Amino acid sequence: MTARLDPRTKLYMILVVSAVVMMSATTPFLWAVRILMTIVPIVLLITEKHYASAFRFLILYTSALVINFTCLSEQSEGFLMAFLVGYCSIIVQFMPAMITAWYVVRTTKIDEFVSAMQKMHFPDGITISLAVVMRFFPTIKEEYLAIRDAMKMRGIVLGEGNIARMVEFRMIPLLFSCVNIGDELSAAAITRGLGGKVKRTSVEILKLGIQDYLLITLFTSVLLIFVVFKYFR
Amino acid sequence: MNKKRLQAKDFITIGIFTALLFVVEFACGMLGFLHPYIVASYVIMIPIVGSIPMMLFYTKIEKFGMLTIMSVLLAIIMFVMGMGYLGAPLIILAGIVADLIAKSGNYKSSKKTVISYGVFCLWICANYFPVIVTADSYRKDLLDGGYSAEYCDNLFRAINYKTIGVLLVLCFVFGCIGAFIGKAVVKKHFEKAGIV
Amino acid sequence: MTGSIIDIRNVTHKYKGSEQDTLDNVSLEIKEGETVLLCGASGSGKTSVIRLINGLIPHYYQGDITGEVYVDGKDISQTELYELAGVVGTVFQNPRSQFFSIDTDGEIVFGPENIGLDPKEITARKDGIIEQMDLKDLMGRSLFELSGGEKQRIACASVAALLPKIMLLDEPSSNLDWESIGTLRDIISEWKKQGKTIIISEHRLWYVKDLVDRVIYMEDGHIGCEWSGDEFRSLDDNDTRSLKLRPVNIQGRYEEIFDFSAKEKENHREEFTDGIVLKDFYFSYDKKPYLLFKKKYSEADGEELSLCIPELVLPKGKVISVIGCNGTGKTTFLRCICGLEKDCTGTIAIDGKEYRGRRRIGLSYLVMQDVNHQLFTDSVASEVLLSMKDKDDARCCEILDSLGLLKYKDTHPMALSGGQKQRVAIASAIAAGAEILLFDEPTSGLDYSHMEKVGELLHDLASSGKTVLVSTHDPELIECCCDYELYIKNGRVISFTGSLEKLEGIRRNAI
């Protein structure tokens, strides 16, 4: 696969999938459409060389699907069975949204995403904040791991058996670190011109390609099929 | 810089605290995989744990828009993470109302801050929207599949159309309680350390 | 105005909420194309001068200010910060906190995007910068996986992409190892060649000494004295010591201490009969897939091991420096000793008693590079008490007193200075009964007198019977307090020598 998808297409995919997961499939045809819709992001993951996660999703989804179908049809009873099937149906129901989200998050660069938002005329303030959110997830992880190491050395991972302290010991150093980093980050960003009156530009040039139009058509039809079956029949 | 409009620095601060709040939500969300009842207890956990960063956040910017933007960001992240868009109007509405309440107290009045945070916490209920909408048809599926009505009721007792009102109220109440706890923590640590 | 690109006139400044003036009637003119070094102790106002020039004072950090600052003909007090973006560029101290993007490409174009340049122009600039600074190998990577030195190179590139005439560097080497400092020096000298005006605030003086045209010595918020580049280069250790500066001429000695190839040749191993015995320390970051039982690492894993120490005896009550290039296992070694890496199953024996697995945790304590992560409570005293199994106020006070912290007993640890925080962390380690104290780069970014204090502290800890291991790139610290030198390469101990004798030898040669 040579051409990458436009982030706007990806957002549209999420939109459709999150709408469809809330409508349950009732006929074999609808099930087929639903499964097809789930396969698309898995295939896309493969084209982006995320083999491991694609494989994992595929296994999980298929097994949930199989368990769901076989058990439901056999009319099985029993608590454990019910529990298992309950989980499986939740997975089958919401997994497509999870896979699509995972695909989008894993394969979209922040700059692309921000640039897409600019194209869709979000104000600069929101795109800046969103870029910071994305940048801070890994920072929070880094800081948290360091804090947890420090807690291990002090032997206070369990907060001396007190849940409030458990939260406090994690949260307080984390907040101090994040506030500090934020102050320094703001200073560094402002000296590089953030917050000027001029409209920001972006080097990520977005253009809808043929693959984008294909997927948009595909997902629109999926949505239409579900809406028609649910409300007009 | 006593300008009333949000500056670049404020946007960065908003981003940081949104990330922190979302991490709190995510950490609590992980527990939700264990049992459906834990999912229902989000309304207690998230307002209280989240209050610590949020009360610090309230002291950091004190300009209109801080909560509105945060709610928009939360809605976007929820959407991208595949948690649907049905909750978006609720999240953003909660953000705007909370922002207005806090503004009416000039972001200084502690009573207003408490109420504002309580209102802001309503966003948590947006987590349940997809489940509620799906639940009915899903329940039918299960019943058709031969499950006892008892089990199905058990699964959805905590979360359905009727209880969402209760959950909203709980969010608000625990938001207000959380606000007091958060304020105490901010006082204990951040004011004492001279950060605020 | 010709020639003078920066003109600071009689500036007095005080931060909001602070009692003391940070700058006291400072006047300074800098000519276009000059390279100026600002030196002086921490808190002497170096950073404030940098902030005056890039406008962070008064636009970002609030406070009271009198006097005028003109940069490139602009009155700073009347100029918005974003208007300065193409004129003044600043490289900050902490590589971790100054990047805005997640990937390297985005970071370089961040500035030009902010000022709304045309995308074509931005791409052209980016390619130019990558070429010029030789960054090809860093492109397309996540900033979170880069080392501190690499991050700092990207930070320099990101600033340079705005093509500012004036470059400010605020203690840029604080978190860097020796090699990265060399790269940083090359970048600065390239900027100098391009005719940029460069102002560097720095504690480590040796690496910039050949680049500077003028040196400003700051003292308590005013300019203490001024040297020309040549005068500065001729300062000897006695001069710098009396001014509380780190030495200017150090490279010769530095090379001696860090002459790794000679160490490899000597391959000298000091042997101790009585001491702390480390046994079977094996560890690898490449996790092997396993089904049911996790395979223990052993010497047989050979090259795959990130740490491979079959046996090592550390002398008790000494300060041992752990040296080696970046990424060769110094930090891994420290983390394994204090039990942070669960998969490392070595044993530690003290006085015939063996400790293994989780039991090692209370035995040793690592003071991290960023000590902020290790402070949890709301007062210094409760921080120490948290480490004690039986809360004993008297002993707590005793420990605090020995570290000079008693008067801060009720202060919030985060309100203290960096050095004091370090000592609070040490106090909590002592309270927990740790026998081995580990330090990861405790002096990077410290000025001379603070560095010296850390040295004394390590020495005192050793004299009180603790064994101190310190991973460091700081030759001055090694010189002032370390008894032994442990050289690690690829997670293996290459040599273990007494450092005092060696330095004696160097000193003799110098005379």
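Some values worked out for this structure:
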| quantity | calculated |
| --- | --- |
| Subset of segment A:134-143 [surrounded by fewer than 20 Cβ atoms within 10 Å (Cβ to Cβ) and more than 9 Å from chain B (Cβ to nearest Cβ)] | A:Pro138, A:Glu142 |
| Enumeration of residues in segment C:142-154 that are in contact with an Asp or Glu (Cβ under 8 Å, 6 or more places away or on another chain) and within 11 Å of chain A (Cβ to nearest Cβ) | C:Ser142, C:Leu143, C:Phe144 |
| Residue check for C:Thr90: at the interface with another protein chain (Cβ under 9 Å from one of its Cβ atoms), at pLDDT 90 or above and outside any loop (DSSP other than H, G, I, E, B) | yes |
| Sole exception among (1) in a helix (DSSP H, G or I); (2) within 9 Å of chain A (Cβ to nearest Cβ); (3) at pLDDT 90 or above for C:Leu117, by number | (1) |
| Subset of segment C:16-44 (residues that are among the hydroxyl-bearing types (Ser, Thr, Tyr) and buried (at least 16 other Cβ atoms within 10 Å of the Cβ)) | C:Thr22, C:Thr35, C:Ser42, C:Ser44 |
| Residue in segment C:261-270 that is out of contact with any Ser or Thr (no Cβ under 7 Å at 6 or more places or on another chain) and either assigned to a loop (DSSP other than H, G, I, E, B) or surrounded by 14 or more Cβ atoms within 10 Å (Cβ to Cβ) (or both) present | no |
| Condition broken by A:Glu184, with the remaining ones in (1) farther than 30 Å from C:Val91 by Cβ; (2) out of contact with any strand residue (DSSP E or B) (no Cβ under 9 Å at 6 or more places or on another chain); (3) without any contact (Cβ under 8 Å) to a residue 40 or more places away in the chain satisfied | (1) |
| Condition met for C:Gly55 (surrounded by fewer than 15 Cβ atoms within 10 Å (Cβ to Cβ), touching a residue at least 12 places away in the same chain (Cβ under 8 Å) and of a type in the set (Gly, Ala, Ser)) | no |
| Flag for C:Trp178 being more than 23 Å from A:Ala187 (Cα to Cα) and surrounded by 15 or more Cβ atoms within 10 Å (Cβ to Cβ) | yes |
| Some residue of segment C:342-351 being in contact (Cβ under 8 Å) with a residue 24 or more places away in the chain, closer than 30 Å to B:Glu191 by Cα, crowded, with 22+ Cβ neighbours inside 10 Å and not polar (S, T, N, Q) | no |
| Qualifying residue in segment B:74-92 (condition: within 12 Å of chain A (Cβ to nearest Cβ), small (Gly, Ala, Ser) and farther than 18 Å from B:Val119 by Cβ) | yes |
| Filter result (part of a helix (DSSP H, G or I), closer than 30 Å to A:Gln118 by Cα and free of Cβ contacts under 8 Å to residues at least 12 places away in the same chain) within segment A:1-33 | A:Leu15 |
| Breaking point among (1) touching a helix residue (DSSP H, G or I) at 6+ places or on another chain (Cβ under 6 Å); (2) in contact (Cβ under 8 Å) with a residue 12 or more places away in the chain, for A:Phe176 | (2) |
| Tally of residues being buried (at least 21 other Cβ atoms within 10 Å of the Cβ), assigned to a loop (DSSP other than H, G, I, E, B) and facing chain B (nearest Cβ under 9 Å) across segment A:177-233 | 2 |
| Residues satisfying the stated conditions in segment B:159-196, i.e. outside any helix (DSSP H, G or I), under 30 Å from C:Leu416 (Cβ atoms) and of a type in the set (Val, Ile, Thr) | B:Ile195, B:Val196 |
| Long-range neighbours under 6 Å by Cβ, at least six apart or interchain, first residue within 12 Å of C:Lys453 (Cβ to Cβ) within segment C:413-442, second not in a helix (DSSP H, G or I) | C:Arg423/C:Leu403; C:Arg423/C:Leu405 |
| Near pairs, Cβ below 8 angstrom, 6+ apart or cross-chain, from segment C:75-89 (under 15 Å from C:Pro164 (Cβ atoms)) to any residue that is among the basic types (Lys, Arg) and surrounded by 20 or more Cβ atoms within 10 Å (Cβ to Cβ) | C:Ala85/A:Arg192; C:Gly89/A:Arg192 |
| Restricting segment C:1-34 to residues that are assigned to a loop (DSSP other than H, G, I, E, B) and among the hydroxyl-bearing types (Ser, Thr, Tyr), the residue that is farthest from the other protein chains (Cβ to nearest Cβ) | C:Thr2 |
| Residues within segment B:52-67 that are farther than 18 Å from A:Ser186 by Cα and within 10 Å of chain A (Cβ to nearest Cβ), tallied | 3 |
| Options A:Ala164, A:Ala131, A:Ala146: the member that is within 8 Å of chain B (Cβ to nearest Cβ) and part of a helix (DSSP H, G or I) | A:Ala131 |
| Which numbered condition A:Ile126 fails, given (1) exposed (fewer than 14 other Cβ atoms within 10 Å of the Cβ); (2) assigned to a helix (DSSP H, G or I); (3) free of Cβ contacts under 8 Å to residues at least 24 places away in the same chain | (1) |
| Exclusive hit being among the basic types (Lys, Arg), assigned by TED's automatic domain parsing to the domain that holds C:Lys489 and under 27 Å from C:Ile257 (Cβ atoms), set C:Lys353, C:Lys296, C:Lys316, C:Lys279 | C:Lys316 |
| Hits in segment C:186-218 - residues which are out of contact with any helix residue (DSSP H, G or I) (no Cβ under 8 Å at 6 or more places or on another chain), in contact (Cβ under 8 Å) with a residue 24 or more places away in the chain and surrounded by fewer than 17 Cβ atoms within 10 Å (Cβ to Cβ) | C:Gly195 |
| Segment C:35-71: number of residues that are over 22 Å from B:Ala8 (Cβ atoms) and either at pLDDT below 90 or not in a helix (DSSP H, G or I) (or both) | 16 |
| Candidates C:Leu457, C:Leu446, C:Leu477 - the one that is assigned to a loop (DSSP other than H, G, I, E, B), over 21 Å from C:Gly275 (Cα atoms) and under 19 Å from the mean Cα position of the chain (by Cα) | C:Leu446 |
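Conditions tested, residue by residue: (1) assigned to a helix (DSSP H, G or I); (2) among the basic types (Lys, Arg); (3) away from chain A (no Cβ under 12 Å); (4) on the phi > 0 side of the Ramachandran plot.
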position: C:Ala124; (1), (2), (3), (4): yes, no, no, no
position: C:Ile129; (1), (2), (3), (4): yes, no, yes, no
position: C:Gln132; (1), (2), (3), (4): yes, no, yes, no
position: C:Gly140; (1), (2), (3), (4): no, no, no, yes
position: C:Leu162; (1), (2), (3), (4): no, no, no, no
position: C:Met167; (1), (2), (3), (4): no, no, no, no
position: C:Pro172; (1), (2), (3), (4): no, no, yes, no
position: C:Ile181; (1), (2), (3), (4): yes, no, yes, no
position: C:Leu184; (1), (2), (3), (4): yes, no, yes, no
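The values are calculated or read from the model by the stated rules, or taken from the named source; none is laboratory data. Keep in mind the model is a prediction, meaning the values are calculated, not measured. For neighbour counting, all protein chains shown are included, and Cβ atoms are generated from backbone atoms with ideal geometry for every residue, glycine included.
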